[in-house]
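J.: Please see the structure below; I have some questions.
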Amino acid sequence: MPTNKFVQNDFLRVWERIKKETGLTTLVQLSEIIEKTQQNVSASKKKGEFPIEWAFKVGRKYGILTEWILTGEGPKRIGQAQGFFATIEEWAKETGEGNTRWFENQFRAAFPQFVTWEREKKEEANEAYQNQMSA
């Protein structure tokens, strides 16, 4: 069993949190949001894994933090986290504690799948831009 709580997620627990917070009730609805086939979602459910990319997409649509979706821990909503991060930044500025990008660094270390996903999105956007410019 992995020690990193983000590497393998209990599909059923994650799905219960999502249903409770979003009003989604079927895997078909989930598949539409994450842009995967219902068969793909069912296969992931059977393996007991809920990919971080899916949690990110659900969170983005409903304003829920990815970490909370995956673990049930920490702030649930983006606004709650923003208030906390603003407090951290204020503290760092007032006390001279320096780097406030620690969370971003910690997040990237905890979610290597996010780093891959983010890089692919940037490459897609760059490719689309290049295609637009050459048209």
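Values quoted throughout were computed directly from the atomic coordinates according to the rules given, and no laboratory measurement underlies them. The structure displayed is predicted, hence computed values, not measured ones. Because the Cβ atoms are built from the backbone with ideal geometry, glycine has one as well, and the counts that use them run over all protein chains shown.
J.: Return, ordered by residue number, the residues of segment 14-45 whose backbone nitrogen is under 18 Å from a label point located 7 Å along Cα→Cβ of Glu124.
T.: So the set is 30-38, 40-41.
J.: Which residues in segment 33-68 have a backbone N closer than 19 Å to a point placed 7 Å from the Cα of Asp10 along the Cα-to-Cβ line?
T.: From segment 33-68, the list is 44-52, 55, 66-68.
J.: Could I ask something else about it? In sequence order, what are the phi-derived ³J(HN,Hα) couplings for segment 31-38 according to the Karplus relation 6.51 cos²θ - 1.76 cosθ + 1.60 with θ = phi - 60°, rounded to whole Hz, with x for glycine and proline?
T.: 4, 5, 5, 8, 6, 10, 6, 4
J.: Further question: Net charge within 13 Å of Lys76 by Cβ-Cβ distance, Lys/Arg positive one each and Asp/Glu negative one each, not counting Lys76 itself?
T.: Counting the neighbours of Lys76, the net charge comes to 0.
J.: Beyond a 30 Å Cα-Cα separation, which of these cross-linked pairs lie in this structure: Lys20/Lys93; Lys20/Lys122; Lys36/Lys122; Lys76/Lys121; Lys93/Lys121; Lys57/Lys93?
T.: Details: Lys20/Lys93 38 Å; Lys20/Lys122 32 Å; Lys36/Lys122 20 Å; Lys76/Lys121 25 Å; Lys93/Lys121 32 Å; Lys57/Lys93 32 Å.
The answer is Lys20/Lys93; Lys20/Lys122; Lys93/Lys121; Lys57/Lys93.
J.: Please compute the modelled spin-label separation between Ile88 and Met133, points set 7 Å along Cα→Cβ, answer in nm with one decimal.
T.: It works out to 3.4 nm between the two label points.
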